[in-house]
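> After the structure tokens below, expect a handful of questions from me.
Readers should treat all values here as calculations from the given coordinates under stated rules, not as data from a laboratory. Please read all numbers here as calculations on a predicted model, not as lab measurements. Neighbour counts run over all protein chains shown; Cβ positions are idealised from the backbone, glycine included.
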Amino acid sequence: MSRSTGPPGSHTQPFGAPTRTPRLLMRGNSTRAGDVDGAWWPWTANLTAELHDLIAALTPRLGPITGVGFDWNRISRTQRHIDHDDGVHMHDPSADQPPGIMRLTVSRGPQAALLVIPFDTPRDRADNLMHQATRSTGPMASQS
């Protein structure tokens, strides 16, 4: 997708409804705070291609997201140079940021942290990791 053939509509927040539902599990409000606020299991290795869907799913809970810090892979960095400017600052992880954790900066309130589970993780393992990260119980909602 080039700058001239990008998706129609707004290229800044609020983003439209997700084109593919993110596999995302967030810690409940009554759950004790931990190191992460949720877990995300992307569909592909190209995380930035899924970033707008993730942000659209998180915005009602967190508010507008202004920055995302993560150890981006080459595919994601390349995609980001192709995408339209969307007002979300993508940056490398901070020095104290654990591997596999994505930090989201929101326009109001504290940061949020997500455990990012590799896209090729087997379903049962990913489900287990998501529930461990959020300290919740029960199977993840079915996502195909």
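> Counting only DSSP beta bridges with both residues in region 42-134, tell me the antiparallel percent, nearest 5.
Details: 8 of 11 bridges.
So the antiparallel bridges amount to about 75 percent of the total.
> Using a 10 Å cut-off on Cβ atoms, rank the peptides 95-101, 111-117, 19-25 from the highest mean neighbour count down. Write down the numbers at each step before the final one.
Values: 95-101: 11.4, 111-117: 19.6, 19-25: 17.3.
Output ranking for 95-101, 111-117, 19-25: 111-117, 19-25, 95-101.
> Next question. From the alpha carbon gyration tensor of region 42-134, can you work out the equivalent ellipsoid semi-axes (sqrt of 5 times each eigenvalue) and give them in Å, largest to smallest? Before the final figure, lay out each step's value.
Numbers: eigenvalues 81, 58, 35 Å².
The equivalent ellipsoid of region 42-134 has semi-axes of 20, 17, 13 Å.
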